[in-house]
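Derivation of every value follows stated rules applied to the coordinates shown; laboratory data play no part. Fair warning: this is a prediction, and the values are worked out from it, not measured in the lab. Reconstructed Cβ throughout: ideal geometry from the backbone, glycine too, with neighbour counts over all protein chains shown.
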Amino acid sequence: MEKWPDNKAWLLVLPVFVIVAFSAIIPLLTVINYSVQDIFGPGQSVFVGVDWFREMLQDYRLREALWRQFLFSGLVLIIEIPLGVLIALAMPKRGWKASAALVTLALPLLIPWNTIGTIWIIFTRPDIGLLGAVINNLLGIPFDHTASPLDAWITVMLMEVWHWTPLVALLAYSGLRAIPEAYYQAARIDGASAWSTFLYVQLPKMRGVLTIAFLLRFMDSFLIYAEPFVLTGGGPGNSTTFLSLYLVKIALLQFDLGPGAAFSLIYFIIVLLFSFIFYQALQRVGKGETV
Amino acid sequence: MTFTLKWMEWTLPTAIFCGTIFLTVIAMTIWQTVSPSMERRGFLPIPTTPGDRLFIGILSSCYLFLAWVGFTQWNLWVLPAIILCWILVVMRWG
Amino acid sequence: MKVRKRSIALGIYYFLLLLPIYWMLNMSLRTNASILATFSLFPTDFTLENYIKIFTDASWYMGYVNAIIYVGMNTVISLTVALPAAYAFSRYQFVGDKQMFFWLLTNRMAPAAVFALPFFQLYSSVGLLDTHIAVALAHCLFNVPLSVWILEGFMSGVPREIDETAFIDGYSLPRFFITIFIPLIKAGVGVTAFFCFMFSWVELLLARTLTVTNAKPISAIMTRTISATGLDYGLLAAAGILTILPGALVIWFVRNYMAKGFALGRV
C-alpha cells in the first residue's frame, strides 16, 4: 500500500507543528543561549563559551547520577516486562471479570505522580506504614528508606514496579487479545504445551506491543522525577538522585541558569540518541509485521 | 501584553549556530520538494534519506563536541572544521 | 489445576496492587493524632474531618477545579490539532514526513525538567503565567505527539478504499473527515482522550512551575503542605484519595474501549 504523495498534507500537520514548536523550539533556543553565558539577572550576563559544558561533563555528581539512572532504567525493564507479560497471560479473557480486571489494573496509572510518592511514604514508614511496620516488627529487619540507601532503592523500585507494571500488562493483554482463536486451535491440535504455545504463538505476536512497552518504559523511567522527589527527595545522601532530580536541583532550586542549561542540553542529546535508536527499531517492527 | 525576546539572552555565536541549522533545514526541505531523493544504503547500518543523514551527522557531531570539551584540552577552533568535514562525509557516503 | 494456580497468583498480585491504596484510604479516615498514636489495620475512631476540611477550604478544593480545567483544555486542544495531522501521516506521503514524526516523538521523550526553566520565562513574557491555558499548552508538548502517534495507528487500520469511495461520491475532505471518518475511529479517539487526560492529570513538574496561586493544581498544593505544616498525614492521605477519584471515573467510562481500543491501535 503506497501512500498518496501530496505535499499539501503539510497544511493538515501545520497546527500540530505550530503548537509543538511554540513549546519545544523556543525553549530549546533559550536553553542553548543560556548554556554559553553566566547570567546574574535580566540583561546582565557574561559570555563564557563552553565553560559550563566542561564543568558539567567533569562534574562527578552528574556522572554518578547518569550511571544511577542507567541502573535504574535497566532494573525497571528487567522486572516490569516479564512481570507484565505474566499478568497479562493470567488475566481473565472475557466477561465482566475481564472488564473488572482491566479497570483495577489501570488504577495506579491514573494517580498523579506525587500522590504515588505520598502513598508510598505512608505505606513504608516504619512507624505508621503497613509495609514498614511488617518488615521492622514482624520480620525484625530494620528497614527505613530515609536512612539507608539500599532501603531507599528497594522502596523506589517497589513503587516504580507497582506504578508502571500495569501499563506493560495492559499492552501485553491487548497484544494477546489480537491473536485469532484459530492460532490456539492449531496449537492444540498439534498437542503443543502451554510453554511452547507461549514461545511460538503468543510471544511472536506480541512483539509489536512489547517493543512499544519497552520504549515507553525505558523513556519514562529515564525521565523519572516526581515520585522519588516526593518519596526520598533524592536521598539519603545522593543515593536516589536521578538525572532529572539533579537537573532540577541545579536549574530551579539553585537557579544556576548557565550550568543548568548546559546540563539540559547534555541530557537532551542523550535522550535524542536513544529516541533515534528506538524509533528505528520501532519502524523495523512495523515493517516486519505483515499480519 | 508586550512580547519581548530579551529574556532569551541571545548572543552572536548562538545566533549564528541556530541560524545555520535553521537555514540548513529550510534548504533541505526546498531541495527535497524540488527533487525528492530515494532511500539508499551507504556505510551506515540503515537505509537513509538525505534528511536522515543530516540528522545523524548533526547528532554524532554533538557527541563529538561533548567528548572534545569534556575529555580533552584541545583547541576548540579546530572542531568546527572537523565537524563540517564529518557531516559532508556522512551526507555523501553515509 | 493449572488454571487455579494461575488465578491464585493473579489474586495475590491484585491484593498487593490494592494494598497501598487501601492503606492511604485507612489513613485518610483517621485523625493525625490517632495515626501517630496507634497502629491499626482498620480506621479506629473513624472520622471524615480530613475530607470536610478539604471541601470547605477554598485553597484546597480550588486545586481540584484548577487541575480539571487545564486537563480538560489540554485534552480538547490535543485532539483538535492531532486528528488532522494523524490523518496526514497515515494517508499521505510528503516532504519530511518521517523526520516530522520523529521530531514529534522526541518531544514526547524529552525530559520535562529540561523545559521547565525556559517555560517559566516564555510564559511570563507572553503574560500567561499562572493561567490554566499556560499549563494546558505546556502539556501539549508531550500529549500532542502522543495523540498523533496513537491516532495514526488507528487510522492506518481503516482501509483507504473508504476514503477513495467517499471522494468519488463527491465528499469534500473536511465533510468526509467529520461525518464518516471520525465515527469510524471512535474507539481510537476515546483511547487517545484517555491517554491525554491521564498524562496531563498526573504531571507535576511543569504544572507546578507554571502556576503561582490562581491555577495551582491539587498535586502542587499537596507538596507544599508536606514541606510547610510538618506533615498532617490524615489530611495528606485524604487529598491523595481525592486525586485518585477523577482517574477512576475516567477508567470506568472507557472500560469497554480499553480492551478493544488497545488491540486495534498500535498505541
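Residue pairs exceeding 30 angstrom between C-alpha atoms, taken from A:Lys93/C:Lys98; C:Lys98/C:Lys186; C:Lys5/C:Lys186; A:Lys3/C:Lys186; A:Lys8/C:Lys186: A:Lys93/C:Lys98; C:Lys5/C:Lys186. Could you tell me which of rounded, prolate or oblate describes the protein assembly as shown, using a ≥ b ≥ c as the square roots of the eigenvalues of the alpha-carbon gyration tensor, with rounded for a/c under 1.5 and, failing that, prolate when a/b is larger than b/c and oblate otherwise? Judged from the Cα gyration tensor, the protein assembly as shown comes out oblate (a/c at least 1.5, b/c at or above a/b).
Computed from the Cβ-Cβ distance with R0 of 45 Å, the FRET efficiency linking C:Tyr171 to B:Ala81 stands at 0.20. Along the Cα→Cβ direction, 7 angstrom out, place labels at A:Leu273 and A:Val134. What is the inter-label distance in nm? Between A:Leu273 and A:Val134, the label points sit 4.2 nm apart. As a ratio to 2.2 N^0.38 Å, the alpha-carbon radius of gyration for region A:76-199 is 1.37.
Could you compute how fast chain C diffuses translationally, taking Rh as the Kirkwood radius over C-alpha pairs and applying Stokes-Einstein at 25 °C with viscosity 0.890 mPa s? Give it in µm² per second. Intermediate results must be reported in sequence, preceding the final value.
Details: Rh = 21.4 Å.
Taking Rh from Cα pairs, D becomes 115 µm²/s.
What does the helix-only formula give at 222 nm for chain A: each DSSP H stretch with n ≥ 4 adding -39500 (n - 2.57), the total divided by the residues, and the result rounded to the nearest 500 deg cm²/dmol?
So the helix-based figure for chain A works out to -21500 deg cm²/dmol.
By the combined test of axial Cα extent (at least 20 Å) and Kyte-Doolittle hydropathy (mean at least 0.5), the qualifying DSSP H helices of chain C come to C:2-28, C:58-91, C:132-156, C:186-202, C:233-264.
Helix-only arithmetic for chain B: the sum of -39500 (n - 2.57) across DSSP H runs with n ≥ 4, divided by the residue total, places the mean residue ellipticity at 222 nm at -22500 deg cm²/dmol. When C:Trp103, A:Trp4, B:Trp7 are sorted by how many other C-beta atoms sit within 10 angstrom of their C-beta, beginning with the fewest, the order is A:Trp4, B:Trp7, C:Trp103. Within 10 Å of the Cβ of each residue in A:263-272, the mean number of Cβ atoms contributed by other protein chains is 5.
Taking neighbour counts of Cβ atoms within 10 Å as a proxy for exposure, in what order, fewest first, do C:Val126, C:Val148 appear? Present the calculation step by step, with values, prior to reporting the outcome.
Working: C:Val126 14, C:Val148 30.
Neighbour counts put them in this order, fewest first: C:Val126, C:Val148.
Starting from the Cα-Cα distance between A:Ile25 and A:Gln254, subtract it from 0.36 nm times their residue separation and give me the gain in nm to one decimal. Write out the running numbers ahead of the final one.
Working: separation 229, 0.36 × 229 = 82.44 nm, distance 2.46 nm.
Contour length minus the Cα-Cα distance gives 80.0 nm.
Under the rule a/c < 1.5 gives rounded, and otherwise a/b versus b/c splits prolate from oblate, where does region B:4-92 land using the Cα gyration tensor? Judged from the Cα gyration tensor, region B:4-92 comes out oblate (a/c at least 1.5, b/c at or above a/b). Extending 7 Å from Cα along the Cβ direction at C:Leu16 and again at C:Ala248 yields two label points whose distance is 2.3 nm.
Under the shape rule built on the C-alpha gyration tensor, where the axes satisfy a ≥ b ≥ c, chain A is oblate, since a/c reaches at least 1.5 while a/b does not exceed b/c. If you take the Cα centroid of region C:114-159 and the Cα centroid of region B:23-94, the two points sit 29 Å apart.
Just to confirm my numbers, what's the Cα centroid distance between region A:182-257 and region A:1-50 in Å? Comparing the Cα centres of region A:182-257 and region A:1-50, I get a distance of 28 Å.
Spin-label pair A:Ser196-B:Thr72: with each label point 7 Å from Cα along the Cα-Cβ axis, the two points sit 5.7 nm from one another.
The ranking of A:Thr104, A:Thr232 from fewest to most other beta carbons within 10 Å of each one's beta carbon is A:Thr104, A:Thr232.
In straight-distance terms, cross-link reach from B:Lys6 covers every one of the aspartates and glutamates whose alpha-carbon lies under 16 Å from its own, apart from those fewer than eight places away in the same chain; here that gives A:Asp38. Placing +1 on each Lys and Arg Cβ and -1 on each Asp and Glu Cβ, with no other charges, gives the protein assembly as shown a dipole about its Cα centre of roughly 1580 debye. Out of every Cα pair in region A:169-247, what percent are spaced more than 22 Å from each other? Summing the P(r) tail past 22 Å for region A:169-247 gives 49 percent.
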